[in-house]
Amino acid sequence: MDLNLKNKIVVVSGSAGKEGSIGETIVNRLADEGAIPVLVDRNARGFEYVERLQKRGVNSLFVQTDVTDPVAIENAVKVIGAKYGRIDAIINNVGVNDGAGLDSSYEDFMNSLKLNVVSYFLLAKYSLPFLKESKGNILNIGSKVALTGQGGTSGYAAAKGGVLGLTREWAVDLIQFGIRSNAIIIAESYTPAYEDWIKTLPDGETVLNKINKSIPLESRMTKTEEIADTALFVISEKSSHTTGQFVFVDGGYVHLDRALISDVN
């Protein structure tokens, strides 16, 4: 299916994670569809990713940015605007489950909010003039933790709850400009960061098997490619009358009957 994303300028934050991460996968899927992904991340790995894209003939750009710094994000959008003159969509993809729980300091809690939700607000705020011109759209990457809780991660849970609130608020706020705002909610996806966490556990394989069995559809984690494909559909014209929605890409983890889960799977 042609999603009509050719030459669309799509800004993706948190897009210079390790190969196979959600952001990196989204960027490559965008390039496959003929879009022009713009990477915004603090990790210098983004330079390597953009070099690869440019070798494929993609007019991509990496703007190394501390997304917790309002001035840095404003400047990043200025750089993007100067190069392309427009922005067609933004995908807020930053997310670090940093374990800032009730026993953490005020500073740690606030830093979690700055990274995991305030950065979303800032990228949307500074990109808004371009989105108004293009009648573009916003896609926020959310987490089931906002709805289910997890324990020991108050900052991340509060931030991801805020992401869902902002998604609906922006859908209302921006409907007058023809700008859509949606969120994808992820449960368990075997990203490089997830793999790194599993490796720190003394019984990692046992924990991993238990998590897989908790996912109703096929007893497996969601692939990053499945998240990326849904993201592209939601920002595309093929989803032109969808706004204010939470799209769950989770194998039924959040909503389906727990009776579906058994050791037989």
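Looking only at strands (runs of 3 or more DSSP E) that fall completely inside the range 86-187, which ones have 2 or more residues that are free of Cβ contacts under 8 Å to residues at least 40 places away in the same chain and surrounded by fewer than 24 Cβ atoms within 10 Å (Cβ to Cβ)?
Correct list: empty, since no element meets the threshold.
Kindly indicate the residue of the range 208-241 that is under 18 Å from the mean Cα position of the chain (by Cα) and open to solvent by 20 Å² or more (accessible area, probe 1.4 Å) and also nearest to Tyr190 (Cα to Cα) among those meeting that condition.
Among residues in the range 208-241 that are under 18 Å from the mean Cα position of the chain (by Cα) and open to solvent by 20 Å² or more (accessible area, probe 1.4 Å), the one nearest to Tyr190 (Cα to Cα) is Lys223.
Scan the range 32-49 residue by residue and report those that are in a helix (DSSP H, G or I) and buried (at least 21 other Cβ atoms within 10 Å of the Cβ). Write out each step before concluding.
Let us first name the residues in the range 32-49 that are in a helix (DSSP H, G or I), namely 32, 45-49.
Of everything in the range 32-49, those that are in a helix (DSSP H, G or I) and buried (at least 21 other Cβ atoms within 10 Å of the Cβ) turn out to be Gly46, Tyr49.
Pull up the range 188-198, narrow it to residues that are in a helix (DSSP H, G or I) and among the acidic types (Asp, Glu), then point me to the one that is surrounded by the fewest Cβ atoms within 10 Å (Cβ to Cβ). Steps first, please.
Here is the first cut: in the range 188-198, the residues in a helix (DSSP H, G or I) are 192-198.
Checking which are among the acidic types (Asp, Glu) leaves us with 195-196.
Numbers: Glu195: 13, Asp196: 10.
Only one residue fits best here, namely Asp196.
Using the structure shown, decide if Ser119 is closer than 12 Å to Asn92 by Cβ and of a type in the set (Gly, Ala, Ser). Show your work before the answer.
Details: closer than 12 Å to Asn92 by Cβ: yes; of a type in the set (Gly, Ala, Ser): yes.
It is true that Ser119 is closer than 12 Å to Asn92 by Cβ and of a type in the set (Gly, Ala, Ser).
Of all residues in the range 196-212, how many are touching a helix residue (DSSP H, G or I) at 6+ places or on another chain (Cβ under 9 Å) and either acidic (Asp, Glu) or touching a residue at least 40 places away in the same chain (Cβ under 8 Å) (or both)?
Residues that pass the stated criteria total 1.
Any residue at all in the range 2-13 that is part of a loop (DSSP other than H, G, I, E, B), at pLDDT below 95 and open to solvent by 70 Å² or more (accessible area, probe 1.4 Å)?
Yes; the residues of the range 2-13 include at least one that is part of a loop (DSSP other than H, G, I, E, B), at pLDDT below 95 and open to solvent by 70 Å² or more (accessible area, probe 1.4 Å).
The values are calculated or read from the model by the stated rules, or taken from the named source; none is laboratory data. Every value quoted in this text rests on a predicted model; they were computed, and no experiment measured them. We place every Cβ from the backbone using ideal geometry, glycine too, and count neighbours over all the protein chains shown. We work out accessible area using only protein heavy atoms, side chains counted, and drop any ligands, DNA or RNA first. Shrake-Rupley method; radii C 1.70, N 1.55, O 1.52, S 1.80 Å.
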